[in-house]
Structures are given as C-alpha cells and as structure tokens.
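For reference, the structure discussed in these notes is given below.
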Amino acid sequence: MSCASAPVLLEYFLYMIQVTRKDPQEANENLIRRFNRKVQQSGVIAKVKGLQYFEKPISKTERRKKAIIRKARKADKLKRIRLGVGR
C-alpha cells in the first residue's frame, strides 16, 4: 500500500500529513487531490504564510484588537439581518 506524505516544520513542531491509497487501482491524481485537500484543511499553509515576514509585537496586539472588532461588527450585522432591521 503506497501513500503520499510530507513533513512540514512549523513553530518547532513537525506536522506529518499522510494520505494512503483507498485501493491499488486508485489514480495518482486522486491521491494528490486528497493530499492537497488535507493540507488545505489542516491550515499549515496559512500559518506558514503568516510567519513569512517578521511582525512587531505591537502590531500583533493591534491586529488582534481589530479582529475582535470585526467579529463583533459581523455578529451585530447578522443579528440585524435576522431581526429584519435595515442597514
């Protein structure tokens, strides 16, 4: 039984994403497609892209505060939509 796997080093942790063939007749394209989907769902690529450039600690806190504000605005908007109140 063959499998596709790729070790990914991220923040001192090693993520091993592995996909095995469902049957010996399965096409390589299907195996690669399932592997890519698993990598996307794990969020490893998004984390790596986030760590690609140095970010000052101050800007990290600002980014978190802005994310909290966005989340609150979105929740408020959804609540108004459910109640049928206009924009």
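Suppose R0 equals 41 Å. What FRET efficiency, 1/(1 + (r/R0)^6) with r the Cβ-Cβ distance, do K65 and K22 give to the nearest 0.05?
On the way: r = 46 Å, r/R0 = 1.12.
Efficiency for this residue pair is about 0.35.
A simple rule links phi to the HN-Hα coupling: the Karplus curve 6.51 cos²θ - 1.76 cosθ + 1.60 with θ = phi - 60°, which for the range 55-63 gives 10, 5, x, 4, 5, 5, 5, 4, 4 Hz, with x for Gly and Pro.
Computed from the coordinates by the stated procedures, all read-outs in this text should not be read as laboratory data. Quick caveat: nothing in here was measured; it's all calculated off a predicted structure. So basically every Cβ, Gly included, is an ideal-geometry build from the backbone, and we count neighbours across all protein chains shown.
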